[in-house]
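Shown next, in structure tokens, is the structure this report addresses.
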Amino acid sequence: MNVRHSIAVTWAMIEKPRIDIRLRIDFGPKASLGPGKVALLEHIERVGSLSQAARELGLSYRRAWLLLDDLNHSFAEPVASASVGGVGGGGVQLTAFARALISAYRDVEQGARGETRSRFAALIKDVEPKKDLKSRLRRLLSRRLQKSRKPSGARSRSAR
């Protein structure tokens, strides 16, 4: 393990613990809604384009299309309608049903996050590092980093 990697690992260990959740709602064995699909719908709503939404999320167009197609076939109502390209180009518009899905998902997510944080806050305080430990680790790591940057006794190629 090199020094930079050990510093990153150590900093991650002394960061204040952050309580968060990832919510996935299953509507039976073949339909689900989670953070990825909701983010895709929100991006489509904002930009009006599946390909642009995919680019912004770092997804391939095919993956984004498969996610949208899955949503369109998971419920009795579609979540989006597409218009074929032309002079103004094609696009995707979300339905009122999709906007209601996003809203319901975000409401449930917010409530679950708040409830999770309140129930786990007392437990998490026990794993927070003490401040003096954090400063000692900072000093130790800065010394390690300084030592690793000092040239060893060997001559470099440019000095030969």
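Would a scan of the stretch 100-110 turn up a residue that is closer than 30 Å to D20 by Cβ, surrounded by 14 or more Cβ atoms within 10 Å (Cβ to Cβ) and of a type in the set (K, R)?
No, the stretch 100-110 contains no residue that is closer than 30 Å to D20 by Cβ, surrounded by 14 or more Cβ atoms within 10 Å (Cβ to Cβ) and of a type in the set (K, R).
Among (1) aliphatic (A, V, I, L, M); (2) in contact with a helix residue (DSSP H, G or I) (Cβ under 6 Å, 6 or more places away or on another chain); (3) at pLDDT 95 or above, which single condition is I14 missing?
All conditions are met except number (3).
Among the residues of the stretch 27-36, what is the count of those that are within 20 Å of the chain's Cα centre (by Cα) and either exposed (fewer than 13 other Cβ atoms within 10 Å of the Cβ) or assigned to a strand (DSSP E or B) (or both)?
2
For the stretch 38-61, enumerate the residues that are under 30 Å from I124 (Cα atoms) and free of Cβ contacts under 8 Å to residues at least 40 places away in the same chain.
A39
Among the residues in the stretch 128-135, are any modelled with pLDDT of 85 or more, in a helix (DSSP H, G or I) and exposed (fewer than 13 other Cβ atoms within 10 Å of the Cβ)?
No, the stretch 128-135 contains no residue that is modelled with pLDDT of 85 or more, in a helix (DSSP H, G or I) and exposed (fewer than 13 other Cβ atoms within 10 Å of the Cβ).
If you check every pair at least six apart or on different chains, which have Cβ atoms under 6 Å apart with a residue in the stretch 97-126 that is under 30 Å from A80 (Cα atoms) first and a residue that is modelled with pLDDT of 90 or more and in a helix (DSSP H, G or I) second?
These pairs meet every condition: A98/L41; I102/V38; I102/L41; Y105/V38.
The values are calculated or read from the model by the stated rules, or taken from the named source; none is laboratory data. Because the structure is a prediction, the values reported are computed rather than measured. Every residue, glycine as well, gets a Cβ built from its backbone with ideal geometry; the counts of neighbours run over all protein chains shown.
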